[in-house]
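The structure appears right after this line, and notes come after that.
The values are calculated or read from the model by the stated rules, or taken from the named source; none is laboratory data. The model shown is predicted, which means the values in this text are computed figures rather than measured ones. Positions of Cβ are generated from backbone atoms using ideal geometry, with glycine treated the same way; all protein chains shown enter the neighbour counts. Only protein heavy atoms, including side chains, enter the accessible area calculation; ligands, DNA and RNA are left aside. Shrake-Rupley method; radii C 1.70, N 1.55, O 1.52, S 1.80 Å.
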Amino acid sequence: MASEYINSILNKDFLQQTFNELAANRPRNSNAPQFSYGTSGFRMESSKLDIPLFATSLITVLRSFYCSEFIGIMITASHNPPQDNGFKTIEPHGEMLPHDWEPHVTAIANAVYEGEYLNFEKLFLLIADDLLKGVALEKSDLKIILGRDTRDSSIKFSTFLNNFFNKLTFLNKKRVNIIDYSIVTTPQLHFIVRKHTLNAENTKMDLPKEYFDAFFKPFITLLAQVNIQSFKKLVIDCANGVGALQLEQLLPLYEENSPSLKLELINTNYQDCSRLNVECGADFVKTNQHLPSGISHESTIKSDVLFCSLDGDADRIIFYCLSKDKEFCLLDGDRMATLIGEFFIEKLPKELLSLIKLGIVQTAYANGNSTSFITNDLNLDVKCAKTGVKNLHHDAVENFDVGIYFEANGHGTVVFNDKFINALSSYNLKQFELFISLVNQAVGDAITDLFIVVAILLLLQLDPKDWFKKYDDLPNKLIKCVVPNRAAFETYDFERKLSKPVGLQEKINYIVAETDNSDGKNRCFVRASGTEDVVRIYCEASTDTRVQTILAKVLDAIRKATDI
Ligand SMILES: CC(=O)N[C@H]1[C@@H](OP(=O)(O)O)O[C@H](CO)[C@@H](O)[C@@H]1O
Ligand SMILES: [Mg+2]
């Protein structure tokens, strides 16, 4: 039995002492936190995260034994406000925790919250038996890689993890290997965990160098092959987060190669965590649909500047430019997906395209006009996945040989299978091969997505303003509403419809239909956020007025349905 082995190596005194401290300090008021390890791991206000961290550590131990490889833990709350934080684990090849392990992390966290040590221990050992059945545990070592974002609370969580893994078992020092990469972007941690696994490397690597060689070098080579006309400067809003620290380290190496494209960093104050994601960053720009703070007047008056914003952990990116009339033009995840799709269609031989399945995965938040553009103009297959890159990634791999996936908010990448790579190799398309080496297939990565988009614009000689003109977004708005219990909101049809609260979906249908809908473009849906204690309401229609009308009525219907 797996539990017997786990039981025999556990330092029970330490485990129980840690448990007791957590249970004694657990938040106990009427607003007891609901712990749930979702598609983005645990995420909430940092003062409530001690128990989720403990649960994450324990599942990481089981996962490390199960895989007999390095498992990563990233401490970050991405685009959330500075006072939040969160954790997610990373698989040996860079993926996220498998879906069927998620309920176990949730169960562990909730058992700690209950406060009975013996019940918790019993549950943990039962879970170990269930998950580690048939695994040769005696041979496995505990191998863990840590990374964190720039939040103040990330430091104490990281200290806890280092201490916890060192003391949790009676395994000797040789068999417990913890490598702490300190402050890194989320995609960098995915990248380096995968690299450790592929290279069977047990000692700390030079992450900036590895990352530079993997992605910056091909980008620099590609830049040298193209004639840069449509834009001369890229302004990168770093959201005052980890992207700033990493890019500040990497840009001098980039500049050594005298590239013809100038990269300018703004919102780089990652030392002051209170400024993280505030008035800047990908989420701010996408939600408010206007420029972040920190952009110089000079950049706004020139016509050859392209802008982009990273989020707090640099796994997503949003582009934007200004039209001739200085109007803000948002180039979001939907536009990146369509741009990449168009690039593949344009650059690959028809014969090759006929052999492979090329398609795009979006979520319900994708603008309806982007979906029509993919189907009607690009003639590509499009699939809808549930929110969370993990779901999109899965659907892209399952359905396509080349799967392009992006959430509207700029989170995504491209995945290729061997069938495509083999087919491509018989065509001698050197520049295209160089292009695809820019892709971080493990996970959406703001820095590599930046390279991909810039490379495509340059290779297609496409002005960002013309990229914007490919289709018009339907006017849309995404708002949030605090409800007493967001778990009461259950969805189906890829989150586009509510099954609970009972009767609310019928009301939404009625509101959508009664508001002028002559062109059939009205669309509105409600779902519980997996990362914030709110429900989200998305609406799009042909006019702003219709959007506002529908939203106001749906908000009212939610309030009535939940008795707020
Ligand atoms: C509408 C929206 O933007 N939702 C975001 C947000 O998820 P929610 O479950 O909606 O809170 O955070 C996720 C993690 O960063 C991201 O994947 C997702 O796209
Ligand atoms: Mg993020």
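A few remarks follow.
- When a 1.4 Å probe is rolled over the protein heavy atoms, the share of accessible surface on segment 253-336 that falls to carbon and sulfur comes to 45 percent.
- Per residue, in Å², the accessible surface of segment 211-468 once ligands and nucleic acids are set aside, probe 1.4 Å: 35 Å²
- Stokes-Einstein D (µm²/s) once Rh is taken as the Kirkwood radius of the chain over alpha-carbon pairs, at 25 °C in 0.890 mPa s: 99 µm²/s
- Inter-centroid distance (Cα atoms) of segment 380-395 relative to segment 249-327, Å: 27 Å
- For segment 2-201, a crude dipole built from +1 on the beta carbon of Lys and Arg and -1 on the beta carbon of Asp and Glu, taken about the Cα centre, is about 400 debye to the nearest 20.
- Unit charges on C-beta of K, R, D, E only; dipole of segment 476-562, Debye: 160 debye
- Orphan Cys of the chain, criterion: no other Cys C-beta under 4.7 Å: 67, 238, 273, 280, 308, 321, 329, 384, 481
- Contact order normalised by residue count of segment 427-564, Cα under 8 Å, 6+ apart, percent: 24 percent
- Spherically averaged projected area of segment 414-511 from its Cα convex hull (nm²): 10.8 nm²
- Applying the Kirkwood pairwise sum to the alpha-carbon positions of segment 476-562 produces a hydrodynamic radius of 12.8 angstrom.
- Looking at segment 298-436, the pairs of alpha carbons with a distance over 25 Å make up 32% of the total.
- Value of D in µm² per second that Stokes-Einstein yields for segment 2-201, Kirkwood Rh from Cα pairs, at 25 °C (0.890 mPa s): 146 µm²/s
- Violating pairs (Cα-Cα greater than 20 angstrom) within the set 350/469; 350/390; 500/560; 139/174; 88/383; 12/167: 350/469; 350/390; 88/383
- Aspartates and glutamates whose Cα lies under 12 Å from that of residue 204, excluding same-chain neighbours fewer than 8 positions away: 180
- Inter-part distance, segment 409-449 to segment 3-60, computed on C-alpha centroids, equals 38 Å.
- With 29 Å as the limit, the listed pairs 262/521; 286/430; 233/430 have 262/521; 286/430 beyond it between alpha carbons.
- Per-residue ellipticity at 222 nm computed for the chain from its helices equals -13000 deg cm²/dmol, with DSSP H segments shorter than 4 residues left out and the rest contributing -39,500 (n - 2.57).
- Going by accessible surface with a 1.4 Å probe and the largest first, 402, 382 read 382, 402.
- P(r) weight above 29 Å for segment 211-468, C-alpha pairs, percent: 26 percent
- Remark: segment 476-562 carries 50 Å² of accessible area per residue (probe radius 1.4 Å; ligands, DNA and RNA excluded).
- Karplus 3J(HN,Hα) series, Hz, for segment 356-362 with 6.51 cos²θ - 1.76 cosθ + 1.60 (x for Gly, Pro): 10, 9, 10, x, 10, 10, 10
- Note on segment 1-121: dipole from Cβ charges, positive end direction compared against 25, 97, 10; the farthest Cα belongs to 25.
- Fraction of beta bridges assigned by DSSP in the chain that are antiparallel (%, nearest 5): 55 percent
- The residues of segment 2-201 have, on average, 39 Å² of accessible surface per residue, using a 1.4 Å probe with all protein chains present.
- With eigenvalues of the C-alpha gyration tensor scaled by 5 and rooted, segment 363-404, Å: 18, 14, 6
- Counting protein heavy atoms only, segment 2-201 has 47 percent of its accessible area on carbon and sulfur, 1.4 angstrom probe.
- Cβ-based charge dipole, the chain, positive-most Cα from 36, 494, 438: 36
- Ordering 522, 192, 80 by the projection of their Cα atoms onto the charge dipole of the chain, which places +1 on the Cβ of Lys and Arg and -1 on the Cβ of Asp and Glu, puts 80 at the extreme positive end.
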